[in-house]
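The values are calculated or read from the model by the stated rules, or taken from the named source; none is laboratory data. No experiment lies behind these values; they were computed from the predicted model shown. As a convention, Cβ positions derive from the backbone with ideal geometry for all residues, glycine included, and neighbour counts pool all protein chains shown.
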Amino acid sequence: MKKQLSLVCFVLLVACKQDNEGIPVVHVPQTPSLSSFVFEKANNPQLATDVTCLIEEGKITAFIPSLKSATSLVPTFSGKYEKVEVDGKLQVSGFSNNDFSSIVTYQCIFSSGRTTSYEVHITVFTKLPIVSVTTDNNQPITSKDDYVAGTMTVSKTLEFDDGYEGRMRIKGRGNATWYYEKKPYKIKLDIGSEILGMPSDKEWVLLADYCDKTLMRTEYGFILGELAGLPWTPRFRHVEYFLNGVYEGTYTLCEQVKVADNRANAAKDGYLIERDNYWNLEPLWFTTSKGHHYTFKYPDTDDLTVGDEKVTFINNFMNEMEDVLYSNNFKDPNTGYRKYMDADVFARWFLIQEVLGNIDTNPYFVLESRTARLKAYPLWDFEWSLGLAAAGSNGWATPPAVSPIEIFYWKNNVYFDRLFQDPYFTSIVKNHWKTMKDEWIPALYEAIDKEQEHIKYAQKENFKRWNILGQYVSVGLVAFQTWQEELDYAENFLKKRITWLDNQINGL
């Protein structure tokens, strides 16, 4: 009986073996991967604590607000792999150091040749680029006239792969703004350089935006200038500014107003002038027959003298332009003001100033050559716009006064009082207004939303440094308790202003 059972079992085993021989065995190769990516404080003493990164669909991310720089970090990682490389270099967990100020790609590799790549995105502090100025011997910056030499570095970010480091000179700038606690600066690089994707030049400006607690009013103006197609509007980047190792807040790094390649355009015989309320503080100026005081941005006053032919020409040009503009024949397309002024550019510029309710009355004008027509650009000085300040009967209005929405700020000011008496100019304004309302304003809202998101961490650090939320600052009439309330006020002012202007302009 036992022999029979053994025979049966043997037959069954053979049969099973024969049945399985027809079924292929599938070997599923493993995919190399990372399951953990951590910056441990033990290997990175600059960290406040361990930082565990998020791993998701080939991307590794972390935001480290306590860290000012990601140029030297050591990750500890684990997963399924035979080796890990960055740019062909073997990586050792807890040992290999990399610069994470820009995207770093880690490759997990099996000997079979299978690889998996991970892009590591690390952002630090407030996610904004960091501009750090160190003056020689930590010399303080106390003057708008005298430069102080030093070194400037600009950090790389995930958005801008190229940082900057070089010698420069720095001084104060501005009129009233220079006397605020948070000060604006002008920087002059020893060698012209591209900064944060902006075209190469030597001269740059750090705007403090101290009165403007949205930190955004300048950006409203510059973005709208680009959308409206003005000949040139300064490019800008929000940055975090450190001076001699001390955090000074969130600033707007932007292009200096000047004549140069990629900036305001003027030939050798051209001009860039400013209608300047502080004209008497400048070394050279002229006054027109209508009482407007102008100072020079180009040519440089170092190249001019009183009675200089270049000074005489522009003074005569502006006088002649004003005389024609206010003459009986000013509407004539050939001999009237259009012979001297670019009506289209003036109309675009006017709408930007009006829609933002800008009360600053120091505009720039460009005469690109002696045979050209005067153009109203570039834009500048929007810190007191969007309802932040207002003029009173005896100077600046004070709280509890509010900045009025339903008034024209520029229609009866600086040449526009006369321009609007010409139906031709009015028609240009009305045509551009339709484009502004239908195209430029929606695009402005979209861009502003992105920029607000961009600085949402920065504003917290800025107002830790400058504890002014809820306080009236300088001529400001706005003192909300939170940054978001400041933003909402500015946006609501703009929306109400657009509604009012729509009725007014369409009725011209």
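Answer yes or no as to whether Trp433 is within 23 Å of Leu374 (Cα to Cα) and among the hydrophobic types (A, V, I, L, M, F, W, C).
So Trp433 fits the description; yes.
Can you report the number of residues in the stretch 87-115 which are free of Cβ contacts under 8 Å to residues at least 60 places away in the same chain and assigned to a loop (DSSP other than H, G, I, E, B)?
The total comes to 15.
Among residues belonging to the stretch 461-491 that are surrounded by 15 or more Cβ atoms within 10 Å (Cβ to Cβ) and among the small types (Gly, Ala, Ser), point out the one that is nearest to Ala390 (Cα to Cα).
Gly476
For Thr305, indicate whether it is touching a helix residue (DSSP H, G or I) at 6+ places or on another chain (Cβ under 8 Å) and either closer than 20 Å to Trp380 by Cα or assigned by TED's automatic domain parsing to the domain that holds Ala376 (or both).
So Thr305 passes the test.
Being modelled with pLDDT of 95 or more, hydrophobic (A, V, I, L, M, F, W, C) and under 23 Å from Thr361 (Cβ atoms) narrows it down to one residue among Ala260, Ala176, Ala208; which is it?
From the options Ala260, Ala176, Ala208, the qualifying one is Ala208.
Of everything in the stretch 293-314, what is surrounded by fewer than 17 Cβ atoms within 10 Å (Cβ to Cβ) and either of a type in the set (S, T, N, Q) or in contact (Cβ under 8 Å) with a residue 60 or more places away in the chain (or both)? Give them in sequence order.
Thr301, Thr305, Thr312
If Pro29 satisfies all but one of (1) more than 27 Å from Asp161 (Cβ to Cβ); (2) of a type outside the set (Asp, Glu); (3) at pLDDT 95 or above, what's the number of the condition it fails?
All conditions pass for Pro29, except number (3).
Please specify each residue of the stretch 207-216 satisfying the condition of being buried (at least 23 other Cβ atoms within 10 Å of the Cβ) and either without any contact (Cβ under 8 Å) to a residue 60 or more places away in the chain or of a type outside the set (Ser, Thr, Tyr) (or both).
Listed by number, the residues that qualify are Leu207, Ala208, Asp209, Asp212, Lys213, Leu215, Met216.
Can you name the residue in the stretch 258-281 that is among the aliphatic types (A, V, I, L, M) and in contact with an Asp or Glu (Cβ under 8 Å, 6 or more places away or on another chain) and is also surrounded by the most Cβ atoms within 10 Å (Cβ to Cβ) among such residues?
Once the filter is applied, the top-ranked residue is Ala266.
If you check Trp396 against the conditions, is it more than 28 Å from the chain's Cα centre (by Cα), aromatic (Phe, Trp, Tyr) and surrounded by fewer than 22 Cβ atoms within 10 Å (Cβ to Cβ)?
Here the answer is yes, as Trp396 does meet what is asked.
Only one of Val84, Val38 is under 17 Å from Val124 (Cα atoms) and assigned to a strand (DSSP E or B). Can you tell me which?
Val38
Residues that are touching a Lys or Arg at 6+ places or on another chain (Cβ under 8 Å) and among the aliphatic types (A, V, I, L, M): which strands (runs of 3 or more DSSP E) entirely in the stretch 160-268 hold 1 or more of them?
164-172, 185-195, 198-207, 246-255
Does any residue of the stretch 188-196 turn out to be in contact (Cβ under 8 Å) with a residue 12 or more places away in the chain and small (Gly, Ala, Ser)?
Scanning the stretch 188-196, I find at least one residue that is in contact (Cβ under 8 Å) with a residue 12 or more places away in the chain and small (Gly, Ala, Ser), so the answer is yes.
Going through the stretch 83-130 one residue at a time, which ones are among the acidic types (Asp, Glu), in contact with a strand residue (DSSP E or B) (Cβ under 6 Å, 6 or more places away or on another chain) and surrounded by fewer than 16 Cβ atoms within 10 Å (Cβ to Cβ)?
Glu119, the sole residue that qualifies.
Please go through the stretch 60-81 and give me each residue that is part of a loop (DSSP other than H, G, I, E, B) and closer than 19 Å to Ala48 by Cα, ordered by number.
Scanning the stretch 60-81 gives Pro65, Ser66, Leu67, Lys68, Ser69, Ala70, Thr71, Ser72, Val74, Pro75.
Residues are listed down the side, and each one gets a yes or a no for (1) in a helix (DSSP H, G or I); (2) assigned by TED's automatic domain parsing to the domain that holds Phe420; (3) acidic (Asp, Glu):
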{"position": "Glu461", "(1), (2), (3)": "yes, yes, yes"}
{"position": "Lys464", "(1), (2), (3)": "yes, yes, no"}
{"position": "Tyr472", "(1), (2), (3)": "no, yes, no"}
{"position": "Phe480", "(1), (2), (3)": "no, yes, no"}
{"position": "Gln484", "(1), (2), (3)": "yes, yes, no"}
{"position": "Leu487", "(1), (2), (3)": "yes, yes, no"}
{"position": "Asn492", "(1), (2), (3)": "yes, yes, no"}
{"position": "Thr499", "(1), (2), (3)": "yes, yes, no"}
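So is Glu255 closer than 28 Å to Pro140 by Cα, buried (at least 19 other Cβ atoms within 10 Å of the Cβ), in contact with a helix residue (DSSP H, G or I) (Cβ under 7 Å, 6 or more places away or on another chain) and among the charged types (D, E, K, R) or not?
When the stated conditions are applied, Glu255 does not pass them.
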